[in-house]
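Shown next, in structure tokens, is the structure this report addresses.
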Amino acid sequence: MTAEGGTELDVFAKIGIQLGRVADMMTQREERRAKLFDQLHQVPITAPDIPLSGGAGALQMPDTLSPKAGYMWSLRRLSCVGYTAGTVNVYKNGAVVGGTAIGGELIAPFPTAGVFTFGRGEMLLDRNDQLIISASGITLAPGYAGIQIGGAADNFERWLLPEYLG
């Protein structure tokens, strides 16, 4: 072989090695994406009707209205329907005392029935965080037995937060 032919083989060998590395990187990327897909999914937010007495009431259900241990929620949507008058407030944390929600951060005030949407990472719930719902001055809408709360949250393992926000 000539020196020129040897150089060509070296170039092709180097290109082959680089293509192999690119293929490995692409395979690793796809495996990582598949793993992330398994560890990140959307969950429904559901709750029973808010118990009312005299047009007021509160609901605190940490088993249902909070992420499970080791996970986080990024709220994406909350809806509140079933009433024609009054106010429903959704809080992050706080407590229900004597049928009234106290403390916590007001995250979704519903002066009328409606829907709140949140961007990715805009309203995060970590371990020990929960949604608490308070209602006052309520007149139920025809056909409703109570106020209905629903929605959706992105649910992911806590360690994925930087990836989720990135």
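The values are calculated or read from the model by the stated rules, or taken from the named source; none is laboratory data. Since the model is a prediction, treat every value here as computed from it, not as a measurement. Here the Cβ is made from the backbone with ideal geometry for all residues, glycine too, and neighbour counts use every protein chain on show.
Checked against (1) among the hydrophobic types (A, V, I, L, M, F, W, C); (2) closer than 28 Å to ILE149 by Cβ; (3) at pLDDT below 90, MET61 passes all but a single condition, namely (3).
Examine the range 47-55 for a residue that is in a strand (DSSP E or B) and crowded, with 16+ Cβ neighbours inside 10 Å, and state whether such a residue exists. The answer is yes, given that some residue of the range 47-55 is in a strand (DSSP E or B) and crowded, with 16+ Cβ neighbours inside 10 Å.
Just to check your reading of the model, which residue among GLY104, GLY151, GLY82 is at positive phi, crowded, with 17+ Cβ neighbours inside 10 Å, touching an Asp or Glu at 6+ places or on another chain (Cβ under 8 Å) and of a type in the set (Gly, Ala, Ser)? Even if it seems obvious, please write down each step before you answer.
Details: GLY104 fails: touching an Asp or Glu at 6+ places or on another chain (Cβ under 8 Å); GLY151 fails: touching an Asp or Glu at 6+ places or on another chain (Cβ under 8 Å).
Answer to the selection: GLY82.
The requirement of being modelled with pLDDT of 80 or more, at positive phi and touching a Gly at 6+ places or on another chain (Cβ under 7 Å) is not satisfied by GLY54.
Looking only at the range 59-114, residues that are of a type outside the set (Ser, Thr, Tyr) and in a strand (DSSP E or B) come to 28 in all. For the range 142-166, which residues satisfy the criterion of being over 12 Å from the mean Cα position of the chain (by Cα) and acidic (Asp, Glu)? Once the filter is applied, which keeps residues that are over 12 Å from the mean Cα position of the chain (by Cα) and acidic (Asp, Glu), the range 142-166 yields only GLU163. Exactly one residue out of LEU125, LEU140, LEU161 is surrounded by 19 or more Cβ atoms within 10 Å (Cβ to Cβ), in contact with a strand residue (DSSP E or B) (Cβ under 9 Å, 6 or more places away or on another chain) and of a type outside the set (Gly, Ala, Ser), and it is LEU125.
Cβ-Cβ contacts under 9 Å between residues 6 or more apart (or on different chains), taken from a first residue in the range 128-145 that is among the aromatic types (Phe, Trp, Tyr) to a second residue that is surrounded by fewer than 16 Cβ atoms within 10 Å (Cβ to Cβ) and at pLDDT below 95, are listed as TYR144/ASP49.
Taking the range 146-166 on its own, how many of its residues are under 17 Å from LEU75 (Cβ atoms) and not in a strand (DSSP E or B)? Matching residues across the range 146-166 total 5. From the list SER53, SER74, the lone residue that is hydroxyl-bearing (Ser, Thr, Tyr) and closer than 21 Å to ALA153 by Cα is SER74. Taking each residue of the range 53-69 that is farther than 12 Å from GLY99 by Cβ and looking for partners that are at pLDDT 95 or above and part of a loop (DSSP other than H, G, I, E, B) with beta-carbon atoms closer than 7 Å, six or more apart or interchain, yields PRO62/GLN130; LEU65/GLN130; SER66/ASP129; SER66/GLN130.
Residue count for the range 115-145 satisfying the condition of being assigned to a loop (DSSP other than H, G, I, E, B), over 18 Å from PRO44 (Cβ atoms) and of a type outside the set (Ser, Thr, Tyr): 10.
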